[in-house]
């Protein structure tokens, strides 16, 4: 009997020893998805090739919202507004609305005209459309054929407008400069073709920076940053992309610190500051790959004391860095870095600085406070001064401040007005405005009017007293 | 005499054959009736509401079945077919590829197939899925939420007291009619009637 048990034991042991439990495992290797590289046919794109003039006029108005995040890159209306503190049942009134191609492109406003880089799904064109701010009638349209497939929307940038020019970046990285009044084509650059830009996932959201007579662009590819003469399209300088970073959805932000003016860019791969003036203009003043994430949409937020707040979605979280002068250049010190559930983090929109505090909406992976508007002090971005509470959650939509009111647009087109306050969340009014979805396009305010959109429709609201 | 005997034998054979037929017929009818009664509108089975699910991972650990009867399912009409899929790839993956180190799923239960630039299709291999919900969390946090969990009723033994329901932190488990046992996301043609979600 004992011998039998011993024999069974030995046989079992041999069986166990010889059986490889990993026999049936298959290795997961790159390339099993049969990915094919890009478009097989090279598309010939003639930037600015088409123009349409419509029989409409735009009455002159005073206000401007000339670029992404407004005049001072802070998403706060710099001009005096006189806005309502509450809304009655039929307020805010929709003054006009226009249908747009599917996307998230935001408007810029300049003296009675609204500029949107739309995507026309029928003609398959990037179309810079100029509307009357007074009534929404289309004045002219400058466009060019480019094949953009629906990929969480198509359009997604905001034009930059000066007294004389409008500069745009299309979803597939085509830069176009036109005359502001007439729409006459001035110059264009194909960043993919000329600089080897890798298109970011879901197309680029980079908005052009205009600094005086210079257009500042961050192509990635062969060149991390470059300056273009706005009048002629002549390349003024190019900074080679030795760091091999890629274009992100983030936009370039100007910064002044320690007597130096610089352009700050948060790329896919790292963050850098490029000299904006002086003999070393176009040189790298500092760079760091401590902030290295594959999808970066929010722009850097400039904080006093040489600090820069960085945030991104897809699990990235947030980081505060500080520039420490080191001779002519700067060292980068990481003050704090954390995951999205551990402090202020934003996925698409850039936080707003108000009254010495940072306001932003947490992403869906933001833990118990997910999707809430939160307020933090820059000295401790991981401790919430307040949150909007579990009954006041928002989506990926934009927010903007004007006349001491903050407007928050939810994914489903619900607009919430709050009083921005560093001590607590104060909701003033809320109303469902749009019926569509993915209302993520940046907001714009001028002349007591608010422009907002969902994926298909842009409306102009009267929010003034 | 022989004729009488044969007649008797034929009658007996016919009687036995008829009896067997009736027995089989009654049995089949009984089984069919029992099956019909078992899956009647009055019976209920366990299902989880994907809109309440917080992808805690307990479906993988607490089910009495091994592996769990809870599997990931994919609502293709909700999916964005993204290259950078938050349900397939780890956050900040080194590359957008099928290499094991980039995949979020611990068992590689999601198959990724190139459709056309820039779209990729994602398919669940339910034999490999054990309901850990890592992909559901990634898809819900960073995408459209098309990947979601469901109790598969070909695997579920419909315990009187579901051991997952006991520990579900969001009370996502509920009894649903056995003739309408799934709560699939994205089937918008059915409408929003909660009693008839899919």
Sort the following peptides by mean Cβ neighbour count (other Cβ atoms within 10 Å, averaged over residues), highest first: A:354-362, A:189-197, B:18-26. A:354-362, A:189-197, B:18-26
Whole-Å semi-axes of the ellipsoid equivalent to the stretch B:44-190 (Cα gyration tensor, √5λ, descending): 27, 16, 13
Can you tell me the orientation of helix A:2-18 relative to chain A, as the angle in degrees between its alpha-carbon axis and the longest Cα principal axis, to the nearest 10? 30 degrees
Volume per residue (Å³) of the convex hull spanned by the alpha carbons of the stretch A:273-348 is 96 Å³
Arranged from highest to lowest average of other beta-carbon atoms within 10 Å per residue, in what order do the peptides B:11-17, A:200-206, B:168-174 appear? A:200-206, B:168-174, B:11-17
Evaluate the Debye formula for the stretch A:309-426 with equal point scatterers sitting on the alpha carbons, no solvent, and hand back log10 of I(q)/I(0) at q = 0.14 Å⁻¹, in q order, two decimals. -0.55
Output the Cα-based Rg and Dmax of the protein assembly as shown in Å, rounding Rg to one decimal and Dmax to a whole number. 31.1, 132
Between residue A:53 and residue A:390, what length comes free when the chain is fully extended (0.36 nm per residue of separation minus the Cα-Cα distance, one decimal in nm)? 116.4 nm
The whole-number value in µm²/s of the Stokes-Einstein translational diffusion coefficient for the stretch A:358-465, with Rh from the Kirkwood sum over alpha carbon pairs at 4 °C and 1.567 mPa s, is 91 µm²/s
Ranking of A:401, A:426 by count of other Cβ atoms within 10 Å, fewest first: A:426, A:401
Intensity falloff of the stretch A:207-265 expressed as log10 I(q)/I(0), Debye formula with alpha-carbon point scatterers, at q = 0.26, 0.28, 0.30 Å⁻¹: -1.14, -1.22, -1.26
For the peptides A:105-113, A:15-23, what is the packing order when you average, over each peptide's residues, the other Cβ atoms within 10 Å and list the highest mean first? A:105-113, A:15-23
Below 8 Å between Cα atoms, with a sequence gap of 6+, how large is the relative contact order for chain A in percent? 13 percent
With n ≥ 4 as the cut-off for DSSP H runs, can you work out [θ] at 222 nm for chain A, using -39500 (n - 2.57) per run divided by the number of residues, rounded to the nearest 500? -1500 deg cm²/dmol
Exercise: per-residue mean of other protein chain Cβ atoms within 10 Å, A:147-156: 2
Going out from 0 in 5 Å bins, what whole percent of all Cα-Cα distances in the stretch A:1-100 drops into each bin? 2, 6, 5, 7, 9, 8, 6, 5, 6, 5, 6, 5, 3, 4, 4, 5, 5, 4, 3, 1, 1, 0
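No value in this document is a laboratory result; all are computed from the given coordinates. Remember, it's a predicted structure, so these values are computed and weren't measured experimentally. Every residue, glycine as well, gets a Cβ built from its backbone with ideal geometry; the counts of neighbours run over all protein chains shown.
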